[in-house]
Amino acid sequence: MTYEELLEHLASQDGVVDPRLVCARFGFVPQQRRPAVLSSFDLPGIAKFIKERPACKTIVLTGAGISVAAGIPDFRSPGTGLYSRLEEYDLPEPSAVFDLDYFPEHPEPFYTLAKELWPGNYAPTLVHHFITMLHEKGLLLRNYTQNIDGLDLVAGLPSETLVEVHGTFASARCLTCKQEYASEHVKSLVFSDQIPRCGCGSLIKPDIVFFGEQLPERFFQMVTRDMGEADLVIVIGTSLQVQPFASLPNRCQEDVPRLLMNNEVVGEADLFHPRGFNFGEYNYRDVKAIGDCQQAVVELADLLGWKDALLERHEEARKMAPVAPPTPAQFKPHWLLRRQEPLQLADPCESDASVGASSSDVPYHTPSRCEDEL
């Protein structure tokens with residue numbers, strides 16, 4: 001509902017003497033025109049903005065949509081997303097697979113899904129390589145990603161420029177005693193169709209953020225300063241439905257241009273979210289490129305003079321990939337096939353005694369941390 005629509009609604013209500021006064025009382029104010037910060041509200045306008053700023057501090061916000069071209073389905077697309085496919089599983093709702101209350105009693109759906117999402121099965125997409133090129137050219141302040149596929153790092157993005165908002169497969173720990181385990185140990189159990197368990201008997205879970213869990217400490221340490229320093233914000237391949245990530249585009253300064261590359265318009269301003277994207281008559285800084293985000297990123301790279309280099313590094317990476325990424329038509333997650341036998345529980349007594357936080361000889365990985373930011 002717009003401000004004007006709210007005024008009209010209030011005017012039709014009995015007992016409302018001054019609709020504008022009511023709106024002001026609750027902080028609802030009309031939009032005002034601002035000077036444009038872009039030469040045009042399109043990709044050429046964004047390219048011109050970047051070219052004019054050799055040290056442009058860009059924040060890129062990414063979601064599952066950037067990895068679909070690698071063969072990994074996103075979560076929310078009707079009919080093809082992972083949540084839609086999970087409807088064939090006996091879950092109270094698809095998102096229960098990442099529910100911290102559901103998981104301890106029913107771990108099988110998550111661990112079977114984890115086999116499809118575990119890093120190492122896919123090659124980075126054009127978007128991943130474009131973000132790495134932003135870093136190499138000194139234009140990337142930070143990449144905040146909702147993804148847990150690790151393709152950002154595979155594309156060569158340094159860990160200090162990446163914030164994995166929803167966690168990582170690179171580390172794992174016991175749900176109860178918090179003992180840490182090497183990622184490779186947990187992976188070997190999961191890929192053997194066993195449920196990883198700690199010596200205390202509780203489940204071992206990769207450090208993926210479930211519903212009901214706190215986001216990684218690194219996110220809170222960096223986000224406020226990063227968003228305050230940004231010169232440009234680019235949002236790619238996300239539904240902007242999960243908080244607090246969904247509100248990140250609104251946290252930059254009000255004179256910072258924002259680019260949305262997505263298969264649909266999301267995050268638009270409304271009465272209760274006045275700082276959301278505004279592509280209408282009051283727009284002064286927002287650009288949308290709706291459609292295939294891979295094509296949009298190639299178009300932007302072309303405008304910047306990077307297209308040939310982007311396509312070349314993407315092709316080279318595909319050739320070197322240990323496993324060729326499947327096409328969407330080839331992708332058939334095995335966890336949609338109902339099991340005749342339940343997953344086995346991994347016996348902690350038979351596990352490699354050298355694995356776990358009790359052994360200082362076996363390293364484990366924790367989410368990357370930029371020490372000079374702490």
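For this structure, a couple of remarks:
- Looking across Val223, Val233, Val190, one residue alone is aliphatic (A, V, I, L, M) and over 20 Å from the mean Cα position of the chain (by Cα). It is Val190.
- In segment 48-69, the residues that are within 20 Å of Gln295 (Cβ to Cβ) reach residues that are basic (Lys, Arg) and in a strand (DSSP E or B) with C-beta atoms within less than 8 angstrom, at least six apart or across chains, in these pairs: Val60/Arg142.
- Residue within segment 152-170 that is more than 25 Å from Cys198 (Cα to Cα), of a type in the set (S, T, N, Q), modelled with pLDDT under 95 and crowded, with 23+ Cβ neighbours inside 10 Å present: no
- Only one of the listed residues (Pro73, Pro35, Pro30) is under 26 Å from Thr145 (Cβ atoms) and modelled with pLDDT under 95. That residue is Pro73.
- The set of residues in segment 48-66 being part of a helix (DSSP H, G or I) and either basic (Lys, Arg) or under 10 Å from the mean Cα position of the chain (by Cα) (or both) consists of Lys48, Lys51, Ala64, Gly65, Ile66.
- Tally of residues being of a type in the set (Ser, Thr, Tyr) and outside any loop (DSSP other than H, G, I, E, B) across segment 116-132: 1
- Residues (open to solvent by 50 Å² or more (accessible area, probe 1.4 Å), touching a Ser or Thr at 6+ places or on another chain (Cβ under 7 Å) and closer than 12 Å to His166 by Cα) located in segment 192-222: Phe211
The values are calculated or read from the model by the stated rules, or taken from the named source; none is laboratory data. Quick caveat, the model's predicted, so the values are computed rather than measured. All Cβ positions, even for glycine, are placed from backbone atoms using ideal geometry, and neighbour counts span all protein chains on display. Calculation scope for accessible area: heavy atoms of the full protein, side chains included, ligands and nucleic acids excluded. Shrake-Rupley method; radii C 1.70, N 1.55, O 1.52, S 1.80 Å.
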